[in-house]
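Heads up: the structure comes next, in structure tokens.
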Number of protein chains: 2
Amino acid sequence: QGTRDHPPAQAALRDRLLAAVVACFKRHGAAAIDTPVLELRETLLGKYGEEAKLIYELQDQGGELLALRYDLTVPFARYLAMNKVTNMKRYHVAKVYRRDNPATTRGRYREFYQCDFDIAGRFDPMIPDAECLKIVHEILSDLQLGDFLIKVNDRRILNGVFAVCGIPDSKFLTTCSTVDKLDKVPWEEVRSEMVGEKGLSPEAADRIGEYVQLHGGLDLIERLLQDPKLSQNKLAKEGLGDMKLLFEYLTLFGITGKISFDLSLARGLDYYTGVIFEAVLLQQENDHVEEPVSVGSVAGGGRYDGLVGMFDPKGRKVPCVGVSIGIERIFSILEQRLKASGEKLRTTETQVLVATPQKHLLAVRLKLISELWDAGIKAEMLYKKDPKLLKQLQYCEDMGIPLAAIVGEQELTDGVVKLRDVVTRQEVRM
Amino acid sequence: QGTRDHPPAQAALRDRLLAAVVACFKRHGAAAIDTPVLELRETLLGKYGEEAKLIYELQDQGGELLALRYDLTVPFARYLAMNKVTNMKRYHVAKVYRRDNPATTRGRYREFYQCDFDIAGRFDPMIPDAECLKIVHEILSDLQLGDFLIKVNDRRILNGVFAVCGIPDSKFLTTCSTVDKLDKVPWEEVRSEMVGEKGLSPEAADRIGEYVQLHGGLDLIERLLQDPKLSQNKLAKEGLGDMKLLFEYLTLFGITGKISFDLSLARGLDYYTGVIFEAVLLQQENDHVEEPVSVGSVAGGGRYDGLVGMFDPKGRKVPCVGVSIGIERIFSILEQRLKASGEKLRTTETQVLVATPQKHLLAVRLKLISELWDAGIKAEMLYKKDPKLLKQLQYCEDMGIPLAAIVGEQELTDGVVKLRDVVTRQEVRM
């Protein structure tokens, strides 16, 4: 349940998509690493907040207690700490596992690919953070997914907001996960969860509401830096200062047109400590609506400066910032689009089919195809002793093979091969 | 235990190796598929004989009972049956899981990559089988692993041997797994396991011994076809006839020089029904021994005509033959060789570092690198506001980045960029 096979047409599309994402990661100088699908259970413990119940655990068959990785970020942090790496730019494309309720039409699965790019190390503020946003911008532009928006916020600003609204520290994280629902449900519902389930006072909730419904650009950052209450909060001030710097860098990158500083963005995971962001597609190609509609998040990430320290025996911190591309949702969109267009993706790369028009020529085909393979040419033949020529040409058409190399008795006598263009039916003897 | 992280240098080597294997699979017209790491436990049940105890099971957390895949062959057969596919040439490169005793220096892990190529469908005999052997030959040649030998046998011949030696049908499979040890231990030990553990009569074991110590080429096939006892056995005759055909096709491919018909080859898994094969490296580069020594299997496979039928409600069979490349062992060899050579593999593909020689030029770097990224150029910069030029050039040398694009105050005024070749130190203004 919640998993799927990828038949060739899907695997080809997915490989093409992953290749585009990896090309972007390499363009930004990232190295690849790989970590096991299995992690010790204790490694995953206490890293995912309320989502931890969705972790797949392995049966105790003797030996270590294991679980399937839930994301690629925690294994990366574990890797850095274990190998005492303090400086690294890496990407990782691999499957992760969540015992979530699958919603396969929306691209939500229990086994799914994540494509992560992270920068670890102590650097000048917001330079790596800005690069992560540039990467999201590049990938979503390259893939031509239509209009998109990258929402940006900072956990320090959110925490500052909570503080000046009178929320106790102990309720920051849980309030955060309630705020995070604002992209799916209206403020009224979020407010009632705050007051009901989370036990905030109605006044505090209303004060939060005034902040978290704000979004804008540099102007909003400036306004909040002047905000009589927020400007008194150290964390918020730091966050707003960095946010201003971030917007400066994004202006140099020329991408602020797609960026929104959005105080409702909270992100579900516990480990974020600074800037957070999430990209949403605004409208699907086939929608004929006037108002752009959000179809959900296709990328997300943020800064997590404390996670690596949780795995280091001496608690040594390695600041990190990273982005994860939501490849499954993008895959769903591209798949629907391909289906709608009627275009057929080739599932193989075969350049030439080796064919014979008469019987008793299997040996000739085997000899010729062997020469082609040895010359690095992608070649196929039918696995029949005496296939009909028509069947062989039909196979070319079905599979999109552009050329047929035909050897009959005449060609054998003349010491030539007849090369046929399958589409134009033109033939040359060579 | 028995798993490992791949740091960048290893990941780069592994990616290069996998790319070479996949290139060969594509050259032979295979399409990619992907299946989940998770399979239903019942899918894996009864497919692996004595090895089944090594399957990783997931905890029962409600819902289906799951296990981690043990190989890529059983999931492929399940895929074919589930989707009623009767005809397919596919490759699959992915990780599999076995709770085996790890022997990491010899490249044996609990999580490891398999690279499988399989041909499913009803075809004329031995044509797809011959292609599988051609693929092994191409891959081991391409990778320049040194001398190798591909041992070939047929389960039908083995079963015929057992029959004419007086072994009851019920003991064929278990006798098979004892014979399979002949590549690691001498005949005397195998014989005593047959007589002791497996309960064969000493005479029967001796008769088997006469056969399974034979190996050769077409001449041996001809001799066994004339063998007074074997030639009376229907299965053995069929197997020997097909083996002769196979050698004919391999002669046309020009690869019989590396093929040995070897009656000791048995393969551990239950599901093989026809031809079986295994490739071994004969000698490691650094060995100074006269006699070639086997360093273990680096590829294996065979025909399994009954496996798909086990997953079909009506038992409909789809004949299959396939090969699995033992990428981990090959990886270990290449890694050792790389270490010995002192060669350093680049872990990134960055073409140019954007650098500035004076302070207060971060904005210039950000603007230039953004233009390079947008033009598809792989570019990096240091994440510092004011890095020293020497540090920037040092980074190029450390990472093998061939070019530095330098913009200082002079270049800004002149509206140019200074492009420096890191190795030759030559500079051009452009």
Exercise. So which residues in the stretch B:195-205 are open to solvent by 60 Å² or more (accessible area, probe 1.4 Å) and not in a loop (DSSP other than H, G, I, E, B)?
Worked result: B:GLU203
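Would a scan of the stretch B:245-256 turn up a residue that is more than 14 Å from every other protein chain (Cβ to nearest Cβ), closer than 29 Å to B:ASP142 by Cβ and modelled with pLDDT of 95 or more? Please lay out each step first, then the result.
Initial filter on the stretch B:245-256 (more than 14 Å from every other protein chain (Cβ to nearest Cβ)): none.
No; the residues of the stretch B:245-256 include none that is more than 14 Å from every other protein chain (Cβ to nearest Cβ), closer than 29 Å to B:ASP142 by Cβ and modelled with pLDDT of 95 or more.
Can you tell me how many residues within the stretch B:246-256 are open to solvent by 30 Å² or more (accessible area, probe 1.4 Å) and either part of a loop (DSSP other than H, G, I, E, B) or in contact with an Asp or Glu (Cβ under 9 Å, 6 or more places away or on another chain) (or both)? I'd like the intermediate steps shown before the answer.
Of all residues in the stretch B:246-256, those open to solvent by 30 Å² or more (accessible area, probe 1.4 Å) come to B:248, B:251-252, B:254, B:256.
Next, only the ones that are either part of a loop (DSSP other than H, G, I, E, B) or in contact with an Asp or Glu (Cβ under 9 Å, 6 or more places away or on another chain) (or both) stay: B:254.
Number satisfying all stated conditions: 1.
Scanning the stretch A:128-167 for residues that are outside any loop (DSSP other than H, G, I, E, B), of a type in the set (S, T, N, Q) and away from every other protein chain (no Cβ under 14 Å), which turns out surrounded by the fewest Cβ atoms within 10 Å (Cβ to Cβ)?
Residues of the stretch A:128-167 outside any loop (DSSP other than H, G, I, E, B): A:128-142, A:148-164.
Of the ones still in play, those that are also of a type in the set (S, T, N, Q) are A:141, A:153, A:159.
Now restrict to residues that are away from every other protein chain (no Cβ under 14 Å): A:153, A:159.
Details: A:ASN153: 28, A:ASN159: 21.
So, considering only residues that are outside any loop (DSSP other than H, G, I, E, B), of a type in the set (S, T, N, Q) and away from every other protein chain (no Cβ under 14 Å), the one surrounded by the fewest Cβ atoms within 10 Å (Cβ to Cβ) is A:ASN159.
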Exercise. Within the stretch A:257-270, how many residues are under 19 Å from A:GLY322 (Cα atoms), over 19 Å from the mean Cα position of the chain (by Cα) and open to solvent by 20 Å² or more (accessible area, probe 1.4 Å)?
Worked result: 1
Seminar exercise, completed: Going through the stretch A:281-308 in order, the residues found to be modelled with pLDDT of 95 or more, open to solvent by 10 Å² or more (accessible area, probe 1.4 Å) and not in a loop (DSSP other than H, G, I, E, B) are A:ARG303
Problem set entry | Test: residue in the stretch B:56-76 that is open to solvent by less than 20 Å² (accessible area, probe 1.4 Å), more than 21 Å from B:CYS132 (Cβ to Cβ) and touching a residue at least 40 places away in the same chain (Cβ under 8 Å) | yes
Exercise. Can you name the residue in the stretch B:33-45 that is free of Cβ contacts under 8 Å to residues at least 60 places away in the same chain and more than 18 Å from A:ARG99 (Cα to Cα) and, of all such residues, is surrounded by the most Cβ atoms within 10 Å (Cβ to Cβ)?
Worked result: B:ILE33
Exercise. Do we find a residue being open to solvent by 50 Å² or more (accessible area, probe 1.4 Å), on the phi > 0 side of the Ramachandran plot, of a type outside the set (Ser, Thr, Tyr) and outside any helix (DSSP H, G or I) anywhere in the stretch B:338-349?
Worked result: yes
For this session: Keeping to the stretch B:125-145, report how many residues are among the acidic types (Asp, Glu) and in contact with a Leu (Cβ under 8 Å, 6 or more places away or on another chain).
Result: 1
Seminar exercise, completed: Among helices (runs of 4 or more DSSP H) completely within the stretch A:1-101, the ones holding 2 or more residues that are at the interface with chain B (Cβ under 7 Å from one of its Cβ atoms) are A:8-27
For this session: Select, from B:SER170, B:SER192, B:SER231, the only residue that is assigned by the TED database to the domain that holds B:LYS47, among the hydroxyl-bearing types (Ser, Thr, Tyr), part of a helix (DSSP H, G or I) and in contact with a helix residue (DSSP H, G or I) (Cβ under 7 Å, 6 or more places away or on another chain).
Result: B:SER231
For this session: Identify all residues within the stretch B:102-127 that are facing another protein chain (nearest Cβ under 10 Å), under 24 Å from B:LEU252 (Cα atoms) and open to solvent by less than 40 Å² (accessible area, probe 1.4 Å); write none if there are none.
Result: B:ILE119, B:GLY121, B:MET126, B:ILE127
Seminar exercise, completed: Within the stretch A:80-93, residues being under 24 Å from A:TYR56 (Cα atoms) and surrounded by fewer than 18 Cβ atoms within 10 Å (Cβ to Cβ) number 1
Exercise. Considering only the stretch B:357-373, how many residues are in contact (Cβ under 8 Å) with a residue 40 or more places away in the chain and either assigned to a helix (DSSP H, G or I) or of a type in the set (A, V, I, L, M, F, W, C) (or both)?
Worked result: 4
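For the structure I just gave you, tell me whether B:ASP124 is outside any helix (DSSP H, G or I) and either within 23 Å of A:TYR109 (Cβ to Cβ) or under 21 Å from the mean Cα position of the chain (by Cα) (or both). Explain how you work it out, then say what you get.
On the way: outside any helix (DSSP H, G or I): yes; either within 23 Å of A:TYR109 (Cβ to Cβ) or under 21 Å from the mean Cα position of the chain (by Cα) (or both): no.
Considered against the rule, which asks whether it is outside any helix (DSSP H, G or I) and either within 23 Å of A:TYR109 (Cβ to Cβ) or under 21 Å from the mean Cα position of the chain (by Cα) (or both), B:ASP124 comes out as no.
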Exercise. Being under 30 Å from B:LEU72 (Cα atoms) and touching a Cys at 6+ places or on another chain (Cβ under 6 Å), is that true of even one residue in the stretch B:399-418?
Worked result: no
For this session: Report, ordered by the first and then the second residue, all pairs with beta carbons closer than 7 Å, sequence separation of six or more or different chains, a first member in the stretch B:7-32 that is open to solvent by 20 Å² or more (accessible area, probe 1.4 Å), and a second member that is aromatic (Phe, Trp, Tyr).
Result: B:ARG14/B:PHE331; B:VAL22/B:TYR91; B:ARG27/A:TRP373
Problem set entry | Residue in the stretch B:133-147 that is of a type in the set (Gly, Ala, Ser) and closer than 14 Å to B:GLY209 by Cα present | no
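The values are calculated or read from the model by the stated rules, or taken from the named source; none is laboratory data. Note that the coordinates shown come from a computational prediction; the quantities given were computed from them, not determined experimentally. Using ideal geometry, Cβ is built from the backbone for each residue, glycine included, and neighbour counts are taken over all protein chains shown. When the accessible area is computed, the model is the full protein with side chains, heavy atoms only, and any ligands, DNA or RNA have been set aside. Shrake-Rupley method; radii C 1.70, N 1.55, O 1.52, S 1.80 Å.
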